[in-house]
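Some notes on the structure that comes next.
The values are calculated or read from the model by the stated rules, or taken from the named source; none is laboratory data. What you are looking at is a predicted structure, and each value in this text was computed from that prediction instead of being measured. Don't worry about glycine lacking a Cβ; one is built from the backbone with ideal geometry, like all the others, and counts go over all protein chains shown.
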Amino acid sequence: MGTVIDRVGLACPRWRDRHSALHLAVTAASDCLRRAGCDADELDLIVNAGIYRDRNLGEPALAALIQQDIGANPEDPHAGAHGTFSFDVANGACGMLTALQIVDGFLRTRSVRRALVVASDADPGHGMSERFPFSAAGAALLCRWTDDDYGLSGVSWTNADGDSDETCSATVGFADSRNVLRFDHSATMDEHFAAAAAEAARACVDARSARLADVDLIVAAPARPGYRTALAGLLGVPPEKISVARDQHMHTAALAAALERGAADLPAGAQVLFVAAGAGVTAGAALYKVPPS
Amino acid sequence: MTRHWLVMETAGEGPPAPFVARVAGAGRHLPETRLTTDELMASTRHRTHIDLQRLTGIRERRVSVGDEDSYSLATSAALNCLATARQDPAALDVVISCSITKFRGGLTQWLEPTMSGAIARGIGAPQAMTFDVSNACAGMLTGVTILNNWIRQGIVERGLVVSGEYISQLSHNAARHIRNIMSKELACLTLADAGAALLLERAPAGSAGLALAGFTTVADYSRLCLAYPQGHDPGARMFTNSRAIQKAAIADTPLLLSEVLDTVGLSIHDIDHVITHQTSARAIRKGMARMSESFGDTPRHDAVITVDRYGNTASTTHTVALVEELEAGRIAPGDKVALLALASGLEIGVVLLTLDEELVSRYGHRH
């Protein structure tokens, strides 16, 4: 019994999308829905976990613009039909895992039937950013509830001690009469992320009385090789057991890309462990039992 | 099965929830500095001929003069909420920050790490799960909806929904650009600063607490209000088609409110207090008059208005008004309170709740 992911959609960045997180999100969402044979109007919930977006937009939620652009019940409410609820969450590279946990709450209470988690990032460009470190990328996960013995477990979270802003940060600050998005990170960021991720992974496995040895695949974010190697070392598993996105510079979409890359051939009943770590440092982990395709 | 337009929990769909989310605390923090509408309008670069007070009913608002930012406003409100509830922050499972503005250390907007993580550490809850919600002025009630699901299902026991809005900068920016009443930045002049926090915790099924939370996004209107950094102004600027938003809200809200009332088996007259998003006293009165026309009846009390004193404090308005009513002793235990969200998106939401004796008595009133 739990939340299952029916389909993963990824947006291949095109030249004209390089500065538009909105276009990337809409492309990923549309691709996901088309491949699942799901009409946009069937969506009850859209949760966007992307962070870096067109114009550094503050409001509305980018999810509302995505909803309008994919055509998910954008019209005025009318009797006898259902609408769509959209909003954004932000939790760095852990955002997709947070969004899955939020979607699980809506599915568990049967408030919604079908939900879409979306995440995309793009350099806003046009002088609004400096040394943008992430690839333009977008991803979407189509979710539903199952009463069978498959899906997402509870999510375990850990927060590391220490100076929270030093490991990794992104700010929009006013200098020289303009607002600019700037990034900073420490040389030991990957080690800090891996330590928090390993702690969350162990807490998750222990809380469900499972064993790491029973996990068939670890799906991890972010995708940097240093993080992957450090995480494998801390968990005592071969790095090949940890699936990460092909593009190491992918940010909030990385968890979905890692799932798509690693879990395509897994049989029903296979045990996946999602692990994500991000700025804070905060990390989350959840077990996921793969449903029949 | 009847389908509703709103996303909300409906009895009979799935197993009944084992718990209720009770409101264990509500806190706020308002900056000391008062800025009158006369003072604000005297600061416009152009002679605008706008009678803002007559248009909005706003006499004054509270503003940070740079001494407080989104982080400090949120943290002060959270501590106020926890102190009122006599709750140890170490027992919080989750802290959700829901502000539009994420200014920390002056006018620096922090995108990573999260504002919620900074607040959790700042209030002594370093163990709590944290994340930020961004849903314009519906942020806090969206956070409440997310947390309500988790508490009802036993996923978490206790959580804090918090927001600090240092958003008056948009008002100062608008004052430099507005030329006349047709300006798309007119709505910025209603904005003001505040922090707010709501503490929700697990209670046995059948207890007083959140009865229902329902939300929808009417995305055809998603581009009617956009805020982003622009040009050479610090912070951000906001461009709004207020007239179109008000028209859509007035047209769409009655159907959505009646879905909520039907679901819980209440009539509009069973609602004791209505707290709407606070943008303008005139807009609130007009909206409520339309609602009364549509339902053929009214809630027990007139809609709460705090916008005249505090302005539009973005995602914090409902909690700021709720605390105002509690402190004034106008809410009795068992009263039914409807919080109506209206926000850029276009987000429309209804959160229906009842406060218990334990909470109401914390504000110094016994009923």
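When the stretch B:140-156 is filtered for residues that are within 9 Å of chain A (Cβ to nearest Cβ), part of a loop (DSSP other than H, G, I, E, B) and closer than 13 Å to residue B:205 by Cα, only B:153 remains.
Restricting attention to the stretch B:225-243, the residues that are modelled with pLDDT of 95 or more and surrounded by fewer than 19 Cβ atoms within 10 Å (Cβ to Cβ) add up to 2.
Could you please let me know if residue A:29 is of a type in the set (A, V, I, L, M, F, W, C) and out of contact with any Ser or Thr (no Cβ under 8 Å at 6 or more places or on another chain)?
Spelling it out, residue A:29 is indeed of a type in the set (A, V, I, L, M, F, W, C) and out of contact with any Ser or Thr (no Cβ under 8 Å at 6 or more places or on another chain).
Checked against (1) over 20 Å from residue B:139 (Cβ atoms); (2) of a type outside the set (Lys, Arg); (3) in contact with a helix residue (DSSP H, G or I) (Cβ under 6 Å, 6 or more places away or on another chain), residue A:91 passes all but a single condition, namely (1). Residues in the stretch A:207-253 that are free of Cβ contacts under 8 Å to residues at least 40 places away in the same chain, among the charged types (D, E, K, R) and surrounded by fewer than 14 Cβ atoms within 10 Å (Cβ to Cβ) were compared, and the one that is nearest to residue A:194 (Cα to Cα) is A:240. Taking the stretch A:176-293 as the region of interest, the strands (runs of 3 or more DSSP E) fully inside it that hold 1 or more residues being over 24 Å from residue A:6 (Cβ atoms) are A:178-185, A:271-278, A:282-289. Residue count for the stretch B:230-247 satisfying the condition of being without any contact (Cβ under 8 Å) to a residue 24 or more places away in the chain and within 11 Å of another protein chain (Cβ to nearest Cβ): 4. Tell me whether the stretch A:101-111 contains one or more residues that are within 11 Å of chain B (Cβ to nearest Cβ), of a type outside the set (Ser, Thr, Tyr), out of contact with any Cys (no Cβ under 9 Å at 6 or more places or on another chain) and under 21 Å from residue B:345 (Cα atoms). Checking the stretch A:101-111: at least one residue is within 11 Å of chain B (Cβ to nearest Cβ), of a type outside the set (Ser, Thr, Tyr), out of contact with any Cys (no Cβ under 9 Å at 6 or more places or on another chain) and under 21 Å from residue B:345 (Cα atoms).
State the number of residues belonging to the stretch A:25-77 that are at positive phi, touching a His at 6+ places or on another chain (Cβ under 8 Å) and surrounded by fewer than 23 Cβ atoms within 10 Å (Cβ to Cβ). The qualifying residues number 0.
Scanning the stretch A:271-293 for residues being in contact with a Leu (Cβ under 7 Å, 6 or more places away or on another chain) and surrounded by fewer than 21 Cβ atoms within 10 Å (Cβ to Cβ) gives a total of 2.
Filtering the stretch A:81-100 to residues that are of a type outside the set (Gly, Ala, Ser), closer than 27 Å to residue A:194 by Cβ and facing chain B (nearest Cβ under 7 Å) leaves A:89, A:91, A:98.
For the stretch A:148-206, which residues satisfy the criterion of being in contact with a Leu (Cβ under 7 Å, 6 or more places away or on another chain), within 12 Å of chain B (Cβ to nearest Cβ) and touching a residue at least 40 places away in the same chain (Cβ under 8 Å)?
Filtering the stretch A:148-206 down to residues in contact with a Leu (Cβ under 7 Å, 6 or more places away or on another chain) leaves A:152-153, A:155, A:170-172, A:174, A:194-195, A:197-198, A:201, A:204-205.
Then keep just the ones that are within 12 Å of chain B (Cβ to nearest Cβ); that gives A:152-153, A:155, A:170-172, A:174.
Selection gives A:152, A:153, A:155, A:170, A:172.
What are the residues in the stretch B:1-58 that are hydrophobic (A, V, I, L, M, F, W, C), away from every other protein chain (no Cβ under 14 Å), crowded, with 22+ Cβ neighbours inside 10 Å and not in a loop (DSSP other than H, G, I, E, B), if any? If the condition is that a residue be hydrophobic (A, V, I, L, M, F, W, C), away from every other protein chain (no Cβ under 14 Å), crowded, with 22+ Cβ neighbours inside 10 Å and not in a loop (DSSP other than H, G, I, E, B), then B:23, B:24, B:26, B:40 are the ones that fit. Residues that are touching a residue at least 12 places away in the same chain (Cβ under 8 Å), over 14 Å from residue B:236 (Cα atoms) and not hydroxyl-bearing (Ser, Thr, Tyr) were ranked within the stretch B:103-118; the one that is surrounded by the most Cβ atoms within 10 Å (Cβ to Cβ) is B:115.
When each of A:224, A:178 is tested for being modelled with pLDDT under 95 and of a type in the set (D, E, K, R), the lone residue that passes is A:178.
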